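Read through the structure below, which is laid out as structure tokens, and then see the notes.
The values are calculated or read from the model by the stated rules, or taken from the named source; none is laboratory data. Not measured: the values here are computed from a predicted model. No Cβ is skipped: glycine too gets one built from the backbone with ideal geometry, and neighbour counts run over all protein chains shown.
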């Protein structure tokens with residue numbers, strides 16, 4: 001007791017001294033001090049927050065042009081607000097256009113020997129192209145993410161439905177099934193979908209039917225939406241849930257075999273396109289431009305054969321290869 005009284009007296013004395021000297025009476029732990037330093041440090045806030053602060057109040061006029069993007073953002077899995085994403089689109093497009101306008105004339109003048117005026121015109125055209133390309137890229141990125149998420153969920157559905165059928169056969173409730181899916185050690189895309197359902201039930205206080213209905217609207221996969229709606233109907237009617245999930249697992253497995261066969265056919269066609277467009281075509285163009293450069297003719301305005309050859313080698317072929325890889329990744333199954 002004496003020790004406690006002594007400690008209290010010391011604390012009261014220190015508080016009195018701090019008030020006299022106008023010092024803060026609260027001690028910060030190392031973690032809290034680091035957090036406050038990070039909050040006061042420029043760049044702590046994300047790019048979306050910075051773009052929203054700069055352009056959030058000025059994007060009201062262009063929001064109606066991107067009405068359908070709101071639903072695509074929700075289905076893409078991006079945890080970004082609609083208005084913040086539009087602000088980031090405007091900010092990144094303006095920044096990219098200025099960078100292209102500054103860099104392209106310098107590269108054209110220094111590396112390729114283009115005169116000043118054509119180099120400046122190249123910079124203006126490149127800036128406008130970069131602005132338009134950025135707008136289109138940000139508009140299509142949620143579509144690409146949603147399509148990728150859809151394919152990954154569809155690839156995992158046969159195994160997910162079978163796993164759910166096993167749990168329901170053991171008498172596990174639907175809430176526990178989705179909790180088990182959300183906490184699996186194997187990284188699955190379906191786990192993130194199950195986490196949203198668990199969040200709606202545990203955090204927002206929804207019942208399992210309401211959570212499944214919200215997920216059926218939010219998911220980009222039509223098959224997963226069909227599975228959720230079937231679960232809702234089966235739970236409502238008191239049907240045989242294990243039998244339903246076993247039948248859906250067999251159905252999704254048959255669809256997966258068909259999709260793999262279609263992918264093998266598509267892959268053979270893409271390989272022929274790759275050989276024709278990115279191997280044979282550039283080889284013929286390189287030979288033709290080399291011959292034209294040796295003969296000293298065949299200029300297309302300010303574009304000489306040497307400049308066309310450099311553009312084809314360092315810009316055209318790499319961009320075409322990147323586009324081919326994106327297309328290949330977009331159609332490739334993950335399982």
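Observations on the model:
- The residues of segment 229-267 that are closer than 22 Å to residue 213 by Cβ and within 28 Å of the chain's Cα centre (by Cα), listed by number, are 229, 252.
- Counted residues, segment 205-223 - those being under 24 Å from the mean Cα position of the chain (by Cα) and either assigned to a loop (DSSP other than H, G, I, E, B) or touching a residue at least 60 places away in the same chain (Cβ under 8 Å) (or both): 6
- Cβ-Cβ distances below 7 Å connect the following pairs, each with a first residue in segment 272-283 that is assigned by TED's automatic domain parsing to the domain that holds residue 318 and closer than 16 Å to residue 328 by Cβ, a second residue that is part of a helix (DSSP H, G or I) and at pLDDT 85 or above, and a separation of six or more residues or different chains: 274/324; 277/320; 278/317; 278/320; 278/321; 278/324.
- Flag if residue 75 is in contact with a helix residue (DSSP H, G or I) (Cβ under 6 Å, 6 or more places away or on another chain), touching a residue at least 12 places away in the same chain (Cβ under 8 Å) and surrounded by 15 or more Cβ atoms within 10 Å (Cβ to Cβ): yes
- Conditions (1) surrounded by fewer than 21 Cβ atoms within 10 Å (Cβ to Cβ); (2) in the same structural domain as residue 77 (by TED's automatic domain parsing): number failed by residue 175: (2)
- Selected residue (only one of 117, 140, 128 is assigned to a helix (DSSP H, G or I), outside the structural domain of residue 310 (by TED's automatic domain parsing) and touching a helix residue (DSSP H, G or I) at 6+ places or on another chain (Cβ under 9 Å)): 128
- Scanning segment 22-42 turns up no residue that is modelled with pLDDT of 75 or more, surrounded by 13 or more Cβ atoms within 10 Å (Cβ to Cβ) and outside the structural domain of residue 310 (by TED's automatic domain parsing).
- Of all the listed residues (84, 102), the sole one being out of contact with any helix residue (DSSP H, G or I) (no Cβ under 7 Å at 6 or more places or on another chain) and modelled with pLDDT of 80 or more is 102.
- Some residue of segment 157-168 being over 26 Å from the mean Cα position of the chain (by Cα), without any contact (Cβ under 8 Å) to a residue 60 or more places away in the chain and buried (at least 17 other Cβ atoms within 10 Å of the Cβ): yes
- For segment 195-204, a tally of residues being in contact (Cβ under 8 Å) with a residue 12 or more places away in the chain and surrounded by fewer than 21 Cβ atoms within 10 Å (Cβ to Cβ) returns 4.
- Matching entry among 51, 108 (being farther than 30 Å from residue 306 by Cα, at pLDDT 60 or above and not assigned by TED's automatic domain parsing to the domain that holds residue 219): 51
- Residue in segment 227-249 that is without any contact (Cβ under 8 Å) to a residue 24 or more places away in the chain, under 30 Å from residue 317 (Cβ atoms) and assigned to a helix (DSSP H, G or I) present: no
- Candidate set from segment 107-140 (those that are closer than 16 Å to residue 85 by Cα and touching a residue at least 40 places away in the same chain (Cβ under 8 Å)); member that is nearest to the chain's Cα centre (by Cα): 138
- Test for residue 91: is it assigned to a helix (DSSP H, G or I), crowded, with 18+ Cβ neighbours inside 10 Å and in the same structural domain as residue 66 (by TED's automatic domain parsing): yes
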